[in-house]
Structure formats: C-alpha cells, structure tokens
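Please read the structure below before turning to the comments.
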Amino acid sequence: MSYNPQFARIGEVLINEGSVTEEMVKEAMIKQSNFGLKIGETLIKLGYLNEKQLLTALHLQLGHEIVDPSELMDLDQDVVSMIPEPYAQQNRVIALREEADGTVVVAFADPDNLTVLDGVKRLIGKPIRQELIGDTTLTDTIEKYYKSIRTTSQVEDAVGDFDFVAVDEDENEITISASSSDADAPVVKLLNLIINEAIKAGATDIHIEPLTKTSRIRYRIDGALREVMTPPIGMHAGLISLTKVMSKLNIAERRLPQDGHISLKTAMKSVDVRVSITPTVLGEKVVMRLLDKGEFGFKLSTLGFEAEDMAIFDKIIRRPYGIIIVSGPTGSGKSTSLHAALKEIQDIETNIITVEDPVEYRLDGITQIETKEQIGLTFGAALRSVLRQDPDVVLIGEIRDEETADIAIKFSLTGHLVFSTLHANDAPSTITRLIDIGIKPYLVGSSLSLVMAQRLVRKICPYCIDDYKPTVQEISDAGLTEEEAATVNFKLGRGCVHCDNTGFAGRTGIFECLTVNPEIRGIIYDGGNQDMIRDAALRAGMRTLHDAAIIKMKRGITTIREVIKMTIVE
C-alpha cells in the first residue's frame, strides 16, 4: 500500500520523513499521557524532534502553509487585535493579515483543533485561512505584538490597577496615587507600565530622557539599549516628579543630580530600583537600575568559562586564604561571577560574610550586609565589625579606596579568603590599579592569588542564526589574518520575532584569568608595570579577553562584530 501523508497519522509522517524512528514514536505514545501533550509535542519535549520538523510534517499531513518567519517582523496591529489577547494566549492563535478578498489569515499552533477554528471564525466574522506556526514562535509573536498594542494604546486604557506596590524599609506600602491628584492619573499609569514592562522584558536599566518633542523611554536588555516608547514631552515632568516622590527625593530640586531608590513588590518577585536623576539642557533625565531581590539562580558552570579557566578559578576559590579580584566595567557580570563562586564553595563548615552596596543577589545561608552611608555604615565600618564575626570567607562588594583595599589585604594576610571587584580594563591593569590606590607593592604581591577580568558578549539568537561573510575591515579589526579567517565559519543573527529583530538572545562571559605565580609576584615587588606583568602572564598561559571572545566566535556563539565591539587586539 502506497504511503500518503494526508491519510497518515502524524507519527507515521514523521517516521517516513526520517525525522524520528519508530522506537521514538512508541516511547512518546507511552509518555504522552503523563505530559498531557499531543504526540508531536511529546517528541519535542523528549528532545527527539524540533518545531521545524513537526511543522513540515503537519504541512504534508494537513496541506496548510507554514508561516514565513520574515512576515512576523511586520504584522498590522489592527489585524492582530481582531483576536483578543486572552483568547490568542489560551487557544494558541494569532491573526496575521487580511487579504484583498477579505479572507483573514490566522496562524494556529494546533491546526486540527476544530473547536478553536470555529471560535476564531465567530470572533473575526470573516472567512479564515489557516497557516501553521511553531508554539515557541507563536509565544514570542503574541508577546511582541500584544505588548505593542498595550503600550501604544491610550495610557488610561492600557493599564488597569497597579501590578506592584512601592514599599518602605519596614515593608510598609507606600500609596503612590495618594501623592498625585486625579489629573496625574495618566502619568501614574504610564510609570507603572514602564516599570512593569521592563521587569517582564528582563531589562537591567530604564532610561527616561527628554528630547525636543517627546520623552524617550529605553530599556537595557542583554547589554544594549532599546527604545520602547516615546510619550509626549508634556508627560515628562510628571514622570520625573512621580519618580522623585517614590524615591523620597526633593521634588523641588531640578538643578542638581539626586540619587535614591524604590523597593517594589510584584506578584512574581521583589525588585530593588536604584534611581539616578540628573539635569540636562532639555530637562531632567532618570536612569533606574533594576536589581532582582529573588533567589540567586546562577552556577559557575553556566557562566561561559572555558575548561582551562574554569579549572583555574575553581581551584583558587577553594584556597584557605588570599585575595581573588574580578575586574571589569559596570554591568560586566562581576557580581554574578563572585556570587556563583560563593555558592560553589558554600558548606555548613564555612562562615561566609558579604559587605555590599547594594546587595544585588540574595544567597540563602550566607550573611549579607548592605552598607548605609547615611547612618555611618560605610564599607570600612562594616568590614571592621565583620572581623569580629569569625569569618572564613569575606566578599567585599567593591574595592573603592585605600581604606577598603587595606582591610582586604589584612583579611587575607590573617588567614581569610577574600573576594572583591575593581573597575579596570584587564587583569594586568587591575594589579597596577591596586598599587595606584595606595597599597604597597609587597602587600599586593603577597596577598593576591588571582585576578580575573571579564566581559559579557551577546549570544547569537538560535532561531535566526545564519552564515555570514565578514568584510576585510572586520577581519582586520578582529585581529585575524585572511588565512585564519578562511578557516572560520562565521555566524550572524538575521533578526526574528524571538529576538525582537536584534539577532541576539542572552549573553555569556569571556574571562582573562591571571594567576599570581612567583615570577609575577617578583615583578610586582620590583614595581614592574602592567606590560611586564602581562608578558609574564602570557608566558604562563593566560588567555586574553580577546582570545576568549575569538573562541566564542569560532564556535558560532557570538559574532565577529561583537568581538570587535567588546575587546581590543593587543
């Protein structure tokens, strides 16, 4: 009997297409009742199948076309809104376009659900044509367009009641609306929308800045700023004033910079917001840093270490004493690496204490102290009291001055393991920076165990990754010869609905681990410069930040443009 996909079960189609084996389908049939999924979805969950293969099989079986991914980047919001968001979410559908004859093309993740098909026909009231879409792609498309519909609608209609409450230090609620008259309600709702959408998007910072005709709102996601909305300039002053009220700042002061913070509680988690307001020629600008106060979820193994660097770092963080410093600019993942290290070495026999400003991550079972300079709890004061708390390991949030550095040195020289961060460009310059702060070279040499410089590079979106041919200039800027470039399979993200057309999804770390060996210790004692330290470290096998980025690029994890942007060829 000849095989016809239109009269076959989906499992048979997948087997005939060579996507899965008969044994895989049998296993999925046994397990699908446990998962509560259809056979195709079960095969995906088991890792035997991907969405593209399932869509191809459904196309052969049902005859429906597969949605063109490029179309998803520019849908008409009026067409999308023909189906209300709750219905689209629950029934896994989205309206794509209306054709000349009045037919509305609708993408279905579950195309053989006739109940949903009838429901969509009644909702739209026009002829329907089905197309096929993967469930993950549908989720991201729904999020992209319905979020856009919400944010571009009238502010009063876009947001209902508050999804978060501001709380003071004693966890008492602060009623924001009480500080605003009814005339300010749109501003209250707009600020609520800005913060809520930033939290949902996983943003680390919110920028609210005045332009000549509009106020520009941008989020920093995966290390890059993205413009999300441009409300009228008339709302800018209200946004600034409301932010000041929530941050307990002087609402009348518009000429000087001010810093404050807001503690927010959402249904999902608590977020600490660090607020910085500064005057510009067009008005005041607000930058909010969002710090998730939830449980720390990172592990050393997921940060992006190469095997050799991981072995070095893991060995040194288990030493009984010494100083380990992680260096890099703001937002380079220094705190994440150090907290992951603490989590790795944490056990019932070790007393670990941190002194931070602010406490960015909560670690269960570790004593964490947050400095408060306004009441005299400075880094120095906190660290002096820590010594009386019988610590084994101490994390100092940042070495900012000679006093903090001096205490860190004394801790390590009296048998403690000390972790800290410092702002420097690379590992060798971190050592000379410590000496510049005022620490004697012989103290730096005797106490320092490891210096690790790090950066975060963006990872290529797995959904739109494609081959890329770099220009001659890009190859040169990346420090590659034409012969080396010829051996590399360069990749780039073309941009899709999953990555919001950026071509990137998430970030990973690149690391430069400098172990202080006897030769480097001697150079430090003799007052050697950072070039001498770097040469000795390279002889000992140190991999530079640039080399680490090149490895990530060769593996297709990041792009040549990201290598050029984030590192310098020595």
request  = Return the FRET efficiency for the residue pair R122, D259: r is the Cβ-Cβ distance, R0 is 60 Å, and the value is rounded to the nearest 0.05.
outcome  = 0.65
note = Expressed in angstrom and rounded, the centroid-to-centroid distance over alpha carbons for segment 286-332 and segment 507-570 is 16 Å
request  = Tell me the label-point distance for the pair K293, K52, using the 7 Å Cα-to-Cβ offset, in nm and rounded to one decimal.
outcome  = 4.4 nm
query = Considering the dipole of the chain built from charges on the beta carbon (Lys and Arg +1, Asp and Glu -1) around the Cα centre, which of T230, I524, I345 is farthest to its positive end?
reply = I524
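Dipole size in debye (nearest 20) for segment 401-535 around its Cα centre, Lys and Arg Cβ +1, Asp and Glu Cβ -1? Please list the in-between numbers first.
Details: 12 positive and 19 negative charges, 106 e Å.
It comes to approximately 520 debye.
What order, most packed first, do the peptides 480-488, 539-547, 499-507 have when packing is the mean number of other Cβ atoms within 10 Å of each residue?
Working: 480-488: 12.1, 539-547: 17.4, 499-507: 19.2.
Top of the packing list down: 499-507, 539-547, 480-488.
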request  = Check the straight Cα-Cα distances from K372 and name the aspartates and glutamates below 14 Å, setting aside those fewer than 8 residues away within the same chain.
outcome  = E169, D259, E356, D357
note = Carbon and sulfur atoms account, in whole percent of the 1.4 Å probe accessible area of the chain, for 50 percent
remark   = Partnerless cysteines (no other Cys beta carbon under 4.7 Å) identified across the chain are C513
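Looking at the chain, what % of its DSSP beta bridges pair antiparallel, to the nearest 5?
Details: 59 of 90 bridges.
Around 65 percent antiparallel, to the nearest 5.
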Difference of contour (0.36 nm per residue) and Cα-Cα distance, R555 to Q389 = 55.1 nm
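R0 = 51 Å: FRET efficiency of Y525 with I251, Cβ-based, nearest 0.05?
On the way: r = 55 Å, r/R0 = 1.08.
Approximately 0.40, to the nearest 0.05.
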message = Expected output is a single nm value to one decimal: the length gained when fully extending between T471 and N517, i.e. 0.36 nm times separation in residues minus the C-alpha distance. What is it?
response = 12.5 nm
query = Label points 7 Å out from Cα along the Cβ direction at S270 and L538: separation in nm?
reply = 4.9 nm
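So what is the relative contact order for the chain, in percent, with contacts set as C-alpha pairs under 8 Å and at least six apart?
9 percent
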message = Exceeding 31 Å between C-alpha atoms, which entries from my cross-link table qualify? They are K265/K334; K265/K343; K144/K459; K52/K315; K26/K491.
response = K52/K315; K26/K491
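Scaled to the compact-protein estimate 2.2 N^0.38 Å, what is the alpha-carbon radius of gyration of the chain, rounded to two decimal places? Intermediate values should be presented prior to the final figure.
Working: Rg = 27.8 Å, N = 570, 2.2 N^0.38 = 24.5 Å.
So the Cα radius of gyration is 1.13 times the expected 2.2 N^0.38 Å.
Past the 28 Å Cα-Cα mark, which pairs from K410/K565; K147/K248; K469/K565?
On the way: K410/K565 38 Å; K147/K248 30 Å; K469/K565 17 Å.
Long pairs (Cα-Cα over 28 Å): K410/K565; K147/K248.
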query = With contacts defined as alpha carbon pairs under 8 Å and 6 or more residues apart, what's the relative contact order of segment 477-570 in percent?
reply = 37 percent
task = Could you check the simple spin-label distance between E484 and I375, using points 7 Å along Cα→Cβ, in nm with one decimal?
result = 5.4 nm
ask   = If we sort 510-523, 374-387 on the protection proxy, mean other Cβ atoms within 10 Å, highest first, what's the order?
value = 510-523, 374-387
Whichever aspartates and glutamates have a C-alpha closer than 13 Å to that of K552, once near sequence neighbours (fewer than 8 apart) are set aside = E306, E562
Normalised contact order of segment 264-310, rounded percent, pairs of Cα under 8 Å and 6 or more residues apart = 31 percent
key: Average accessible surface area per residue within segment 234-299, 1.4 Å rolling probe, Å²   = 51 Å²
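The values are calculated or read from the model by the stated rules, or taken from the named source; none is laboratory data. All values derive from a computational prediction rather than experimental measurement. Counting neighbours? That spans all protein chains shown, and the Cβs are built from the backbone with ideal geometry, glycine included. In case anyone asks, the SASA skips ligands and DNA or RNA and just uses the protein heavy atoms, side chains included. Shrake-Rupley method; radii C 1.70, N 1.55, O 1.52, S 1.80 Å.
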